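The values are calculated or read from the model by the stated rules, or taken from the named source; none is laboratory data. On a predicted model such as this, the values are computed, not experimentally measured, just so you know. All Cβ positions, glycine included, derive from the backbone under ideal geometry; neighbour counts span all protein chains shown.
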Amino acid sequence: MQRVFSGIQPSGIPTLGNYLGAIRNWVALQADHDCLYCVVDLHAITTWQDPAVLRQQTREMAATIIACGIDPETHILFHQSGVPAHARLAWIFNCVARIGWLNRMTQFKDKAGKDREAASAGLYVYPNLMAADIHAYHATRVPVGDDQKQHLELANDIAQKFNHDYGVEFFPQIQPLIMPEAARVMSLRDGTKKMSKSDPSDQSRINMSDDSETIAAKVKRARTDAEPLPSEVAGLEGRAEARNLVGIYAALSGRSQTEVLTQFGGQGFASFKNDLADLMVEKLGPIAAETRRLLAEPDHIDRILFAGAARAEAIAGPIVAEAERLVGFLQRP
Ligand code: AQP
């Protein structure tokens, strides 16, 4: 069975974007892969996090992932700081990756904003740590949202250069797995911006913990244009907000965008938004309820994560020790 690795930052409450772009995919992959799913707290601190909030969000992320259907017994769910192998390999990759490669990463440009000099060095080398997350397990399949494709290409470049520099075929190439429908969920306030858990506006996103009233209010207020919905997918061209809402409806209902527009084409947004809000409540409500139930026992979540970390370290430790041997570090006698 192929090994899957994927991670998610506990940098806020998980959103509908994280669910449709990542977590839902993770659940499906459990059927025929060995899966490692990681709450990447080392990545989260590349932008400042309140320590108490970070701890809470780490647990909340883990609880949501389990509530979505990840089985932490058959597969491995853990927190990144619980497995030192990630940071050890990341340092080696910091020395393999070229500054020119990192300069091309669009996510750094987006996240650092205008004042790049003030961004943390961690944010800049974030893609090297992400490469280490995956290569520490020799994972070959990585389910991610469309926005992470560039980072995976960089992870492949790093593997290739490491193999070349040390004359070995040690790190395999990674294959990204991107879901077709709603691979990228956009902000409810601006259809050209990705829906993000750290967006300052709570109105821009659906949180996985939102109750039905909040979901209905956010969908109702979601930005749209004045035209009715088109009857064909081609009519969504140049209408970022309409495309986003139709994409979300399609992804949640398991129907194609064509089918959704066959039903709603020609209508205004009001009734479509009502149906969309009902659909979200139907799909997300049970997940939010299960998450709340799990969060009532935070110690239990910590135990699941630390048990997962021990199993993850047993896989990554020897792989990273071999990488260290290859670069010339002394081996423990
Ligand atoms: N809007 C999105 N649409 C589709 N997929 C998305 N993902 C995130 N947002 C969307 C996917 O979720 C996975 C985990 O992402 P992450 O938490 O590691 O970091 P991110 O991509 O930076 O997600 P956020 O929500 O935007 O977090 P913040 O606000 O902290 O930066 C990834 O597979 C990602 O593609």
Residue in region 183-192 that is surrounded by fewer than 16 Cβ atoms within 10 Å (Cβ to Cβ), more than 20 Å from Gly100 (Cβ to Cβ), within 13 Å of the ligand (Cβ to nearest atom) and not assigned by TED's automatic domain parsing to the domain that holds Ala240 present: yes
Candidate set from region 19-52 (those that are free of Cβ contacts under 8 Å to residues at least 60 places away in the same chain, in a helix (DSSP H, G or I) and within 10 Å of the ligand (Cβ to nearest atom)); member that is farthest from Ala87 (Cα to Cα): Ile23
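Within the bounds of region 221-232, is there any residue that is within 16 Å of the ligand (Cβ to nearest atom) and either crowded, with 19+ Cβ neighbours inside 10 Å or farther than 29 Å from Cys68 by Cα (or both)?
For region 221-232, residues within 16 Å of the ligand (Cβ to nearest atom) and either crowded, with 19+ Cβ neighbours inside 10 Å or farther than 29 Å from Cys68 by Cα (or both): present.
Got a sec? Which helices (runs of 4 or more DSSP H) wholly within region 97-156 have at least 2 residues that are aromatic (Phe, Trp, Tyr)?
121-135
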Count of region 193-220 residues which are within 13 Å of the ligand (Cβ to nearest atom), part of a loop (DSSP other than H, G, I, E, B) and over 20 Å from Pro143 (Cβ atoms): 7
Verdict on Thr106 being among the hydroxyl-bearing types (Ser, Thr, Tyr) and more than 29 Å from Lys218 (Cβ to Cβ): no
Matching residues, region 9-21, being hydrophobic (A, V, I, L, M, F, W, C) and buried (at least 22 other Cβ atoms within 10 Å of the Cβ): Leu16, Leu20
